[in-house]
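Notes follow once the structure below has been shown.
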Amino acid sequence: MSIKNDIQKLHNRLDTCQHKLETARTRGDQEMITKFTNEVDELTKSLSQLKHKQNYELNKERKSLLDMPFSREITKEEQADIGKLKKRVKGLVIVHPMTKIGKELRLDVMTGFAPKAF
């Protein structure tokens, strides 16, 4: 399962537990308050671990792209037939500026990274 899905599921469980914790506090049920407080702490901890892992993998991908010896903007003509471009250039990685990695690289235009000039 992807990290993104795991983070979403943990957020949903955390939200549910927080609502149950608030309900238990209004009732004054000390046993349930303790249970949900512990569960919220565990979920928060695992959520922060997953976010750190996601950030680590994003940085690793960013570094591998920056280590590629060649990069340039993809022209509109090349964008129109991206499959042809990918077949012509082996090892080409295209990054769109609106994706997470594109935002991390602070790109303004669609950019291609490759081991050789293209």
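The heavy atoms of Thr26 offer some 120 square angstrom of accessible surface to a 1.4 angstrom probe. Accessible area per residue for the stretch 1-65 is 74 Å², calculated with a 1.4 Å probe on protein heavy atoms, without ligands, DNA or RNA.
Accessible area of the chain with a 1.4 Å probe: how many percent of it is carbon plus sulfur? Walk me through the intermediate numbers first.
Working: 4430 of 8590 Å².
Carbon and sulfur: 52 percent of the exposed surface of the chain.
For the stretch 62-98 and the stretch 23-53, what is the separation of their C-alpha centers, rounded to whole Å? About 45 Å separates the Cα centre of the stretch 62-98 from the one of the stretch 23-53. Overall shape: oblate for the stretch 68-117, with the ratio a/c of the largest to smallest alpha carbon gyration tensor axis at 1.5 or above and b/c at least equal to a/b.
Counting only other residues whose beta carbon sits under 9 Å from that of Ala114, what net charge do I get with K and R as +1, D and E as -1? Please list the in-between numbers first.
Numbers: positive: Arg72, Lys90, Lys116; negative: none.
That works out to +3.
Here the chain has an Rg and Dmax of 22.2, 68 Å, counting Cα atoms alone. Number of Lys-Lys pairs in the stretch 49-88 with C-alpha atoms under 27 Å apart and a separation of 8 or more places or on different chains: 12.
The C-alpha atoms of the chain define a longest principal axis, and helix 30-67 lies at about 10 degrees to it. With a 1.4 Å probe and every protein chain left in place, work out the accessible area per residue of the stretch 68-117 in Å², rounded to a whole number. Per residue, the stretch 68-117 has an accessible area of 70 Å².
The values are calculated or read from the model by the stated rules, or taken from the named source; none is laboratory data. Predicted, not measured: the structure shown is a model, and the values here were computed from it. All Cβ positions, glycine included, derive from the backbone under ideal geometry; neighbour counts span all protein chains shown. When the accessible area is computed, the model is the full protein with side chains, heavy atoms only, and any ligands, DNA or RNA have been set aside. Shrake-Rupley method; radii C 1.70, N 1.55, O 1.52, S 1.80 Å.
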